[in-house]
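Worksheet: one structure, shown below.
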Amino acid sequence: MEDSKLFSEFPPVPTEKWEEVINKDLKGADYEKKLVWRTIEGFKVKPYYRAEDLEGLEYLDSNPGQKPYTRGKHVADNVWDVRQDIFEEDIAKANSIGVDAVKRGATALGLNAMRVKTLGDMEALMKGINPEEVKINFVCSEDYLSTLKLYAEYVEKVGCDKEKVMGSCEFDMFRYALTFGRFHRGEEGDLQAAKELVEYAHEHLPKFRVLTVHGSALHNAGSNIVQELGFSLAAANEMVSRLTDMGCKMEHVGRSIVLNVGVGSTYFMEIAKIRAARLLWSKIVEQYKPECDCPYKLYINATTSRWNQSVYDPYVNMLRSTTEAMSSAIAGADSISVLPFDSAFKEADDFGYRIARNQQLLLKEESYLDKIVDPAAGSYYIENLTNEIARGAWEHFMKVEQAGGMCKALRAGLVQDEVAATAQQRDMDIATRKTTILGTNQYPNLTETMKEKVTEREMCCEGCCKGDEVKTLRQYRGAEAFEQMRLATEKSGKCPKVFLLTYGNLAMRKARSGFATNFFGVAGYKIIDNAGFKSAEEGVKAALEAQADIVVLCSSDDEYAEITEQACKGLKGKVKSIVLAGYPKEMVETYKGYGIDEFIHVKTNVLECLTNFQKLFGIE
């Protein structure tokens, strides 16, 4: 039977018919509110997409390995480098970790060169590591040009073919300015340093990429996806434009750039972001009319999100970084750096490095993600996300261009203000639990303590005074505010007792006691749950016997009318606070008159409310 006959039995259903059925099922509910997702980036995501939504997407006709390289990398495969970033400054320790990582599957290393001052130091750092087989990326250095010269000298000494030596320097004048409030050598001095790096690498290590744009720095400051991508591409374009004006060949500058993106938890959006990055970079490069295709081939290193990591329930970080690594692999990242799951609160150790490395190896050896080029191709959803992200990122790119370029935009605070506004919105979503951080602002492990495990660490590559030439961006994690509150509880030696006075309807009292447990549990308070009391007086007696500090009434709205007044009479003045789980709007003022101090419900700003309780108990 011909395929045409087979499929003729299933006539196509027009979009109007789908919409008709959907609206019928909604029973009058608002379609936009119920089914359309408005992302933090500002565009709408429909509940479903069809082939007609792909019309007009010009890049869909390209093949993997062809311009504009949206469909995977610049080569027609999906093999990526398993990169292990090692920030250890001690040369011997860094070498030991690196050698072990390579033996166990790493194909690229990030090494700290802060203490590498001589050829002997470089030899010690590289001992047992073959530069032709392992891509070396210098993640920290006081002077990247000096480090690169020592590395080139080492490569020549050990007899490596410089055409086979690949890696990168993480020289990024913009990240430095956003971190320290000034350009390291001044704007012109930094550009001159970049020019010297490009020219030296071209002559001595032609496959080495010496300029890095850290979109991850924006990501870890709380930016959204289109901001990270648009501003990163603006920074990369600034390097190309300024360095070519200084006499560098566009081909040399273009192929010297690494885009280091942070990959978060919005799985499909992150896949689309990396695909959109290649599309937009091709659009930028073609304006320079390069003599070869090399500058089009943007090298992307994807780093799992530090912003998403949490101190509490840290093993959840393994799940987060696994999905982030999956997004990176499916999108066709050239290399992937998975942060150790416990790096939010301690220096990485063998176990943390091993798990981070093995997460990628499993994606290769068990899931075969390296065997399929552009597995997202043709997905109506992902292709439309790619297009929307490209549009949004391009708008941010153009804002920077209209401001006169990245340097001027940073001095004007354009980039910083936009990212800070988004970060503030994301913080509010976490505070109100619109965004869930498992184990931190929702579903905490009530028995977990972390004060003995958290260690203070110095920032890599710091060691210079800050300036006020450029407004800085704060690198932080979304979970920090809740973590600081719970750590304060642990360190104070005080542990307020929260007594759940449950009454009446089984389903409602269990639901609200569960809500209250999560609510106060995220601050590290001791929760005393109960099976249910027959009367308010019985519950009050049990609460006082338990020496409760906070009593939470947990029942249905109707049954609160039966117990609230009596419970408040028995508890007022004998406990620190009386709380009601829920918000019976018509009775709020009446219940406040009885003695209810606080109402906790799904619209409560949890962080703000718990901060007030911390003050009540003198916990800072």
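At a glance:
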{"quantity": "Among (1) open to solvent by 60 Å² or more (accessible area, probe 1.4 Å); (2) more than 29 Å from the chain's Cα centre (by Cα); (3) at pLDDT 90 or above - the single one Ser8 does not satisfy", "calculated": "(3)"}
{"quantity": "Condition broken by Phe183, with the remaining ones in (1) farther than 22 Å from His204 by Cα; (2) among the hydrophobic types (A, V, I, L, M, F, W, C); (3) touching a strand residue (DSSP E or B) at 6+ places or on another chain (Cβ under 9 Å) satisfied", "calculated": "(3)"}
{"quantity": "Enumeration of residues in segment 352-368 that are among the charged types (D, E, K, R) and either part of a helix (DSSP H, G or I) or open to solvent by less than 20 Å² (accessible area, probe 1.4 Å) (or both)", "calculated": "Arg354, Arg357, Lys364, Glu365"}
{"quantity": "Matching residues, segment 88-129, being out of contact with any Asp or Glu (no Cβ under 7 Å at 6 or more places or on another chain) and polar (S, T, N, Q)", "calculated": "Asn95, Ser96, Thr118"}
{"quantity": "The listed residue being in contact with a Phe, Trp or Tyr (Cβ under 8 Å, 6 or more places away or on another chain) and charged (D, E, K, R), out of Arg209, Arg242", "calculated": "Arg209"}
{"quantity": "Number of the exception - Ala221 against (1) part of a helix (DSSP H, G or I); (2) among the small types (Gly, Ala, Ser); (3) touching a helix residue (DSSP H, G or I) at 6+ places or on another chain (Cβ under 7 Å); (4) farther than 16 Å from Ile300 by Cβ", "calculated": "(1)"}
{"quantity": "Qualifying residue in segment 170-184 (condition: more than 30 Å from Lys471 (Cα to Cα), touching a residue at least 12 places away in the same chain (Cβ under 8 Å) and either in contact with a Lys or Arg (Cβ under 9 Å, 6 or more places away or on another chain) or of a type in the set (S, T, N, Q) (or both))", "calculated": "no"}
{"quantity": "Every residue from segment 266-304 that is open to solvent by 40 Å² or more (accessible area, probe 1.4 Å), at pLDDT 95 or above and either touching a His at 6+ places or on another chain (Cβ under 7 Å) or under 15 Å from Glu383 (Cβ atoms) (or both)", "calculated": "Phe268"}
{"quantity": "Test: residue in segment 59-70 that is at pLDDT below 95, among the aliphatic types (A, V, I, L, M) and within 30 Å of Ala277 (Cα to Cα)", "calculated": "yes"}
{"quantity": "Any chance Ala377 is touching a residue at least 40 places away in the same chain (Cβ under 8 Å), open to solvent by 10 Å² or more (accessible area, probe 1.4 Å) and within 27 Å of Leu280 (Cβ to Cβ)", "calculated": "yes"}
{"quantity": "Segment 402-443, residues that are among the small types (Gly, Ala, Ser) and either in a loop (DSSP other than H, G, I, E, B) or in contact with a His (Cβ under 6 Å, 6 or more places away or on another chain) (or both)", "calculated": "Ala403, Gly404, Gly405, Gly413, Gly439"}
{"quantity": "Leading residue by the ranking (nearest to the chain's Cα centre (by Cα)) among those in segment 369-378 that are within 17 Å of Thr323 (Cβ to Cβ) and part of a loop (DSSP other than H, G, I, E, B)", "calculated": "Ala376"}
{"quantity": "Filtered residues of segment 240-265 (kept if aliphatic (A, V, I, L, M) and open to solvent by less than 10 Å² (accessible area, probe 1.4 Å))", "calculated": "Val240, Leu243, Val253, Ile257, Val258, Leu259, Val261, Val263"}
{"quantity": "Members of segment 519-576 that are over 24 Å from Asn441 (Cα atoms), buried (at least 19 other Cβ atoms within 10 Å of the Cβ) and hydrophobic (A, V, I, L, M, F, W, C)", "calculated": "Phe533, Ala536, Val540, Ala543, Ile563, Ala567, Cys568, Leu571, Val575"}
{"quantity": "Lone qualifier among Phe351, Phe397 - being touching a residue at least 24 places away in the same chain (Cβ under 8 Å) and over 16 Å from Ala333 (Cα atoms)", "calculated": "Phe397"}
{"quantity": "Residues of segment 75-100 classified as among the aliphatic types (A, V, I, L, M), closer than 16 Å to Ala325 by Cβ and in contact with a strand residue (DSSP E or B) (Cβ under 9 Å, 6 or more places away or on another chain), total", "calculated": "1"}
{"quantity": "Close pairs from segment 422-447: first on the phi > 0 side of the Ramachandran plot, partner among the hydroxyl-bearing types (Ser, Thr, Tyr) and surrounded by 14 or more Cβ atoms within 10 Å (Cβ to Cβ), Cβ under 7 Å, at least 6 apart", "calculated": "Gly439/Ser310; Gly439/Tyr312"}
{"quantity": "Enumeration of residues in segment 162-217 that are open to solvent by 30 Å² or more (accessible area, probe 1.4 Å) and aliphatic (A, V, I, L, M)", "calculated": "Met166"}
{"quantity": "Enumeration of residues in segment 267-323 that are among the small types (Gly, Ala, Ser) and not in a loop (DSSP other than H, G, I, E, B)", "calculated": "Ala272, Ala276, Ala277, Ser282, Ala302, Ser321"}
{"quantity": "Whichever residue in segment 486-496 is surrounded by fewer than 21 Cβ atoms within 10 Å (Cβ to Cβ) and touching a Ser or Thr at 6+ places or on another chain (Cβ under 9 Å) and, among such residues, is nearest to Val454 (Cα to Cα)", "calculated": "Glu490"}
{"quantity": "Per-region count, segment 401-411, residues under 15 Å from Lys471 (Cβ atoms) and open to solvent by less than 80 Å² (accessible area, probe 1.4 Å)", "calculated": "5"}
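Residue by residue, here is whether (1) among the aliphatic types (A, V, I, L, M); (2) open to solvent by 20 Å² or more (accessible area, probe 1.4 Å); (3) at pLDDT below 95; (4) in contact with a strand residue (DSSP E or B) (Cβ under 8 Å, 6 or more places away or on another chain) holds:
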site: Glu456; (1), (2), (3), (4): no, yes, yes, no
site: Glu462; (1), (2), (3), (4): no, yes, yes, no
site: Cys465; (1), (2), (3), (4): no, yes, yes, no
site: Asp468; (1), (2), (3), (4): no, yes, yes, no
site: Arg477; (1), (2), (3), (4): no, yes, no, no
site: Ala481; (1), (2), (3), (4): yes, yes, no, no
site: Val498; (1), (2), (3), (4): yes, no, no, yes
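The values are calculated or read from the model by the stated rules, or taken from the named source; none is laboratory data. Everything numeric in this text was worked out from a predicted model, so none of it was measured. With ideal geometry, Cβ positions are generated from the backbone for all residues, glycine too; neighbour counts draw on all protein chains shown. With ligands, DNA and RNA removed, areas are computed over all heavy atoms of the protein, side chains included. Shrake-Rupley method; radii C 1.70, N 1.55, O 1.52, S 1.80 Å.
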